[in-house]
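Q: One structure is given below, represented as structure tokens, and several questions about it will come after.
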Amino acid sequence: MAGNLSDEIFVIGAKFYPYSAFQEALEKYQKDTLTQFVKAQAEKIPPKDSLHERFQYVNVRLQCKQGKRYKKAEPTKDQRPCQRSFKVGCPVQLTLHLNRRPKDAPCLKITQLNLKHAGHEVSRQVFQLYPEQRRISVDEVDLTVLGSTTLKTPEQQKILEERHSVPIMQHSIYNLQQKI
Ligand SMILES: [Zn+2]
């Protein structure tokens with residue numbers, strides 16, 4: 001059995017300081033377990049608060065992308081229920097809560113956790129197609145590739161896909177080029 005560090009990091013009571021440490025752990029966990037979390041609910045620390053910059057949130061609830069959809073408004077009579085939704089109500093979720101007791105150093109703590117997917121496939125193929133995973137962080141080599149006037153778009157696409165091991169759409173290549 002290969003040791004999976006993420007399994008030890010993501011437990012109830014686990015502490016993170018600052019928020020960026022949690023983000024890093026989350027990214028690794030998502031890749032290791034092919035889980036895509038999305039923010040379901042969040043309460044920010046007010047900007048005036050001294051903890052705002054380091055911890056950002058009082059509460060954050062993340063759920064599997066295939067989890068329950070949170071309706072923003074009730075559909076009106078003539079609107080048909082959303083049938084494009086592929087969400088299946090997967091119960092996977094994680095709640096992070098800011099711990100700021102006077103005696104302890106402040107931290108973000110996992111207070112609720114369910115990591116058992118239900119009702120959907122968990123695979124690399126599905127995971128890589130989530131839009132969240134198509135965002136890549138572009139480095140200098142990528143910039144050279146994207147800025148090249150001799151490479152055609154499909155060639156740029158192929159190079160970036162190989163470098164980042166994720167599928168990249170052609171329109172993403174155009175979008176990235178706009179940002180250079
Ligand atoms: Zn799930």
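Q: Please enumerate the residues belonging to the range 15-39 that are crowded, with 17+ Cβ neighbours inside 10 Å and more than 20 Å from Val122 (Cα to Cα).
A: Listed by number, the residues that qualify are Phe16, Tyr19, Phe22.
Q: Name every residue in the range 20-72 that is under 30 Å from Pro102 (Cα atoms), in contact with a helix residue (DSSP H, G or I) (Cβ under 9 Å, 6 or more places away or on another chain) and among the polar types (S, T, N, Q), in order of residue number.
A: Listed by number, the residues that qualify are Ser20, Gln56.
Q: Of (1) closer than 29 Å to Thr33 by Cα; (2) of a type outside the set (Ser, Thr, Tyr); (3) in the same structural domain as Asp32 (by TED's automatic domain parsing), Asp104 satisfies all except one. Which?
A: (1)
Q: Among the helices (runs of 4 or more DSSP H) confined wholly to the range 61-157, which include 1 or more residues that are modelled with pLDDT of 80 or more and within 16 Å of the ligand (Cβ to nearest atom)?
A: It comes to 124-129, 131-134.
Q: Quick one: in the range 27-60, which of the residues that are assigned to a strand (DSSP E or B) and under 12 Å from the mean Cα position of the chain (by Cα) is nearest to His117 (Cα to Cα)?
A: Taking the candidates together, the pick is Phe37.
Q: Can I ask one more? Name the residue, out of Glu24, Glu8, that is of a type in the set (D, E, K, R) and under 15 Å from the mean Cα position of the chain (by Cα).
A: Of Glu24, Glu8, the one residue that is of a type in the set (D, E, K, R) and under 15 Å from the mean Cα position of the chain (by Cα) is Glu24.
The values are calculated or read from the model by the stated rules, or taken from the named source; none is laboratory data. These numbers come from a predicted model, not from an experiment. Note: ideal-geometry Cβ built from the backbone for every residue, glycine included; neighbour counts use all protein chains shown.
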